[in-house]
Amino acid sequence: METAPIERSSPVSFAMAPEQLVLRGDWPVVLRYPHEGAGPWLVDLSHGGKWDFQSAALDRLAPRGVVLPERPGACACAQGILCSRLNPTQAVAWHIAGPVPSPPDTCDVTDVTDAVALLGLVGPKLLPTLEKLTALDFVKPARAAPFILQGPVAHVPSRVVCFATPTAAASALIISCARGYARDMVDALLEAGKEFGLRPAGELAWTAWIDTIDYKKEAA
């Protein structure tokens, strides 16, 4: 008896057919949707690798050459890998651009790629969209981007990396949450951002922005 091939799928889906799609490894990745407009955009980044680090000696780890930040809340990014320090013994690393890497080869890491959804937000009017969904403070004066915050977004436990102040004309955020919440998170974000023109976009909308940042910057 023949069985259907097993296919990997993103936890995120939008109510439209893609205009441009590629198969990257075993993930179908949407590069562009029709009628994306000028932004702001919501982009599915769930196909990127995602790794959790837990160790009493995090300072000795450098996944794919990116040294983990020393201060909780700080982020560092290089070669398409974003690393964020959560506390003295825990950090996360997300693949957000460029060639897909293999998981770091260390016993201190757990590969959570298939367990976590990753959503990118790019463009203007991100702050008023987020203010409808979360009490997280993205504009604390003493906090310079990029930084990571942890807390509920649309009542869902989340981690949010802010690359630039959400009040800026060209800002960007990444929201991560458990895979099972992805559909509802997408619906909540699109509804909250509807009045500001938030709409789905493919990966090209994300990479066009992320290529402009200083990957080596670290802040807290």
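The values are calculated or read from the model by the stated rules, or taken from the named source; none is laboratory data. These figures come from a predicted structure and were not determined experimentally. Using ideal geometry, Cβ is built from the backbone for each residue, glycine included, and neighbour counts are taken over all protein chains shown.
Listed values, structure above:
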quantity	calculated
Selected residue (criterion: surrounded by the most Cβ atoms within 10 Å (Cβ to Cβ)) from residues of segment 55-106 that are modelled with pLDDT of 75 or more and among the basic types (Lys, Arg)	85
Residue in segment 101-113 that is farthest from the chain's Cα centre (by Cα), counting only those that are β-branched (Val, Ile, Thr), closer than 27 Å to residue 183 by Cα and not in a strand (DSSP E or B)	112
Strands (runs of 3 or more DSSP E) wholly inside segment 114-162 containing at least 1 residues that are of a type in the set (Val, Ile, Thr) and out of contact with any helix residue (DSSP H, G or I) (no Cβ under 8 Å at 6 or more places or on another chain)	147-153, 156-162
In segment 172-208, the residues that are under 17 Å from residue 126 (Cβ atoms), of a type in the set (Val, Ile, Thr) and part of a helix (DSSP H, G or I)	186
Within segment 165-178, considering residues that are crowded, with 18+ Cβ neighbours inside 10 Å and of a type in the set (Gly, Ala, Ser), the one modelled with the highest pLDDT	176
Strands (runs of 3 or more DSSP E) lying entirely in segment 9-100 (those with 2 or more residues that are more than 25 Å from residue 191 (Cβ to Cβ) and free of Cβ contacts under 8 Å to residues at least 12 places away in the same chain)	20-24
Options 181, 215; residue that is hydroxyl-bearing (Ser, Thr, Tyr), over 13 Å from the mean Cα position of the chain (by Cα) and modelled with pLDDT of 90 or more	181
Check on residue 109, buried (at least 18 other Cβ atoms within 10 Å of the Cβ) and modelled with pLDDT of 90 or more	no
When residues of segment 125-151 are limited to those that are modelled with pLDDT of 90 or more and surrounded by fewer than 19 Cβ atoms within 10 Å (Cβ to Cβ), the one nearest to residue 194 (Cα to Cα)	132
